[in-house]
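K.L.:
If you scroll down you'll find the structure; I have some questions about it.
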Amino acid sequence: MKVLVGVDLNVQGHDWLLDRAARFAGAIGAVVDLVFVASTASKEHEALLSGLLTLLPEERRGTTRVETGDPADALVALTREYDALIVGPREPAMFQRWLLGPMAVRVLRRSVCPILVPRGERPPTDHPRLLAGLDVNGGALQQVLQFSKDWVVRLGGTLDGVYAIPDHLPPIANKAVREGAEREWMARHEPERQKLEELLATVDEAHRGAAVLRAGEPEDVLLQLSKDYDVVLVGNRGRQGISRIIMGNVANHVVRTAHCDVLVLPTAALLDEVD
């Protein structure tokens, strides 16, 4: 397997990102290539990338490449050649702008390989807990599930699945009344819980976790739960119709705010092929 790490040679301090990339690559048995996208390529760029490559364990070192052109277009094109693209939220220049601006939407939406954004303060454990956002009524459900099943095996962890339902209970001060309302809410959404259980039942038993049902918008639920996981997996198929314009893209929101690493899955590309 091959993973690609995007770095910005206009700034310093890539040790953290390269360490996280090496750990990720080691977990899946991959080699790491480095890329810098510039308006004009130079020998100095190539030398700097080669120096950074030596920071990786020897068995993880791949190649370096300097690409020219629009950064978003270049990264999207490269995703066709790799099993994962890794970019870091601590990169203070190009990739920080990528995470905060329209470039993020372009790359996240058009990537044809998963994009890993390391966010947790500590790297995932040897047996990481993964959380997949599974919309039981969504068009990308099977694609997200299959990607999640593949990656939990590669990472040697366990997979929980969560379905977020934007059906909020109002604040209720009385404990007995609140607990009764919560039971009614769970009963009303029992069909969704059963479907989520059925989906998780297709995961190999050694890697199967729990089915989690929560009230709230998907991005808010994933953000809250990310405190208890090593990796959150989310499809890059955004909201549809007017809700996409008003609410934005779930994956884009999660990569900016999650408390753990985020793996964005290229479900949009697969569904576009079908569409």
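K.L.:
If you check VAL144 against the conditions, is it out of contact with any Cys (no Cβ under 9 Å at 6 or more places or on another chain), closer than 20 Å to CYS113 by Cα, not polar (S, T, N, Q) and not assigned by TED's automatic domain parsing to the domain that holds VAL112?
P.N.:
Yes: the conditions hold for VAL144.
Listed here are the residues, each with its yes/no results for (1) outside any loop (DSSP other than H, G, I, E, B); (2) farther than 22 Å from VAL232 by Cβ.
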{"residue": "ASN137", "(1), (2)": "no, no"}
{"residue": "PHE147", "(1), (2)": "yes, no"}
{"residue": "GLU179", "(1), (2)": "yes, yes"}
{"residue": "GLU182", "(1), (2)": "yes, yes"}
{"residue": "GLU197", "(1), (2)": "yes, no"}
{"residue": "VAL203", "(1), (2)": "no, no"}
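K.L.:
So for the stretch 20-28 (the condition being part of a loop (DSSP other than H, G, I, E, B) and surrounded by fewer than 21 Cβ atoms within 10 Å (Cβ to Cβ)), does at least one residue qualify?
P.N.:
Filtering the stretch 20-28 for residues part of a loop (DSSP other than H, G, I, E, B) gives none.
Among the residues of the stretch 20-28, not one is part of a loop (DSSP other than H, G, I, E, B) and surrounded by fewer than 21 Cβ atoms within 10 Å (Cβ to Cβ), which makes the answer no.
K.L.:
Within the stretch 3-19, restricting attention to residues that are part of a loop (DSSP other than H, G, I, E, B) and of a type outside the set (D, E, K, R), which residue is nearest to CYS113 (Cα to Cα)?
P.N.:
VAL7
K.L.:
Identify all residues within the stretch 37-64 that are over 27 Å from the mean Cα position of the chain (by Cα) and among the hydrophobic types (A, V, I, L, M, F, W, C); write none if there are none.
P.N.:
Correct list: ALA41, ALA47, LEU48.
K.L.:
Are any residues in the stretch 1-19 surrounded by fewer than 20 Cβ atoms within 10 Å (Cβ to Cβ) and within 13 Å of ILE86 (Cα to Cα), and if so, which ones?
P.N.:
LYS2, TRP16, ASP19
K.L.:
Quick one: in the stretch 164-196, of everything that is of a type in the set (A, V, I, L, M) and free of Cβ contacts under 8 Å to residues at least 24 places away in the same chain, which residue is farthest from PRO218 (Cα to Cα)?
P.N.:
Selected residue: ALA176.
K.L.:
Pairs needed: first member in the stretch 3-16, over 28 Å from ARG154 (Cβ atoms) and not assigned by TED's automatic domain parsing to the domain that holds TRP151; second member anywhere, at pLDDT below 85 and among the basic types (Lys, Arg); C-beta distance under 9 Å; at least 6 residues apart or different chains.
P.N.:
Every condition considered, the pairs that remain are GLY13/ARG90.
K.L.:
Which residues, taken from the stretch 30-53, are assigned to a loop (DSSP other than H, G, I, E, B) and either at pLDDT 95 or above or surrounded by 13 or more Cβ atoms within 10 Å (Cβ to Cβ) (or both)?
P.N.:
If the condition is that a residue be assigned to a loop (DSSP other than H, G, I, E, B) and either at pLDDT 95 or above or surrounded by 13 or more Cβ atoms within 10 Å (Cβ to Cβ) (or both), then ALA30, ALA41 are the ones that fit.
K.L.:
Moving on. Out of (1) modelled with pLDDT of 85 or more; (2) part of a loop (DSSP other than H, G, I, E, B), the odd one out for GLN142 is which?
P.N.:
(2)
K.L.:
Here's a check for you: in the stretch 101-129, which residue that is among the basic types (Lys, Arg) and assigned to a loop (DSSP other than H, G, I, E, B) is modelled with the lowest pLDDT?
P.N.:
Per the criteria, the residue is ARG122.
K.L.:
What's the number of the condition LEU233 fails, among (1) surrounded by 15 or more Cβ atoms within 10 Å (Cβ to Cβ); (2) part of a helix (DSSP H, G or I); (3) modelled with pLDDT of 80 or more?
P.N.:
Every listed condition holds for LEU233 apart from (2).
A quick yes/no check of all residues on (1) out of contact with any Asp or Glu (no Cβ under 6 Å at 6 or more places or on another chain); (2) under 30 Å from ALA22 (Cβ atoms); (3) not assigned by TED's automatic domain parsing to the domain that holds HIS253:
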position	(1), (2), (3)
SER111	yes, yes, yes
ARG122	yes, yes, yes
VAL136	no, no, no
SER148	yes, yes, no
TRP151	yes, yes, no
THR158	yes, yes, no
VAL177	yes, no, no
ARG183	yes, no, no
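The values are calculated or read from the model by the stated rules, or taken from the named source; none is laboratory data. Not measured: the values here are computed from a predicted model. Here the Cβ is made from the backbone with ideal geometry for all residues, glycine too, and neighbour counts use every protein chain on show.
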